[in-house]
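Notes follow the structure.
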Amino acid sequence: MTEQCAKALVHDLSPLIQDFADTARFVMQLDLVITGRHGRGTLGRRARPPTLVLLPFTPDWRWLGRREDTPWYPSLRLVRQQTPRDWKGVMRRVHDLLTGTLASRR
C-alpha cells in the first residue's frame, strides 16, 4: 500500500474531541483497538471493542507474568515481546491474530 493510500484510511478526529467523553464515544465505535496502553479498559464495557495491548519483554507488575489475558479487563488481549526489544515479533503476532480473526468471519 502506498503512503497516499494509507493516508486516505486515516481520519483525524482531534478537531471533534473536547474531552475524555468524546474520545470514549469514538473508541466505542471501533471494531478493534491496538494500543501500548490500557486506557480502553477503563471505559466500563466488557466486549466492545476488543483491544490488543502491546507489551515490552519486561512490563510493569500489573500484567502478571507471561499471560495473554488480564483479570481486570476481560476484553483485553496482551501481546508480549518474547525477547527484549523484539517489536517485529509482536507485530507478526498481531498480524497472525488479525488474519485469524478475519478468516473466521468469512
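Read-outs throughout are calculated quantities, based only on the coordinates presented, and are distinct from any laboratory measurement. Small disclaimer: the values here were computed from a predicted structure and weren't measured. Positions of Cβ are backbone-derived with ideal geometry, glycine not excepted, and every protein chain shown enters the neighbour counts.
Which order do the peptides 26-34, 81-89 come out in when sorted by mean C-beta neighbours inside 10 angstrom, highest first?
26-34, 81-89
How much length is gained if the chain between L98 and R25 is pulled fully straight, taking 0.36 nm per residue apart and subtracting their Cα-Cα distance, in nm to one decimal?
Net length gain for the segment: 23.9 nm.
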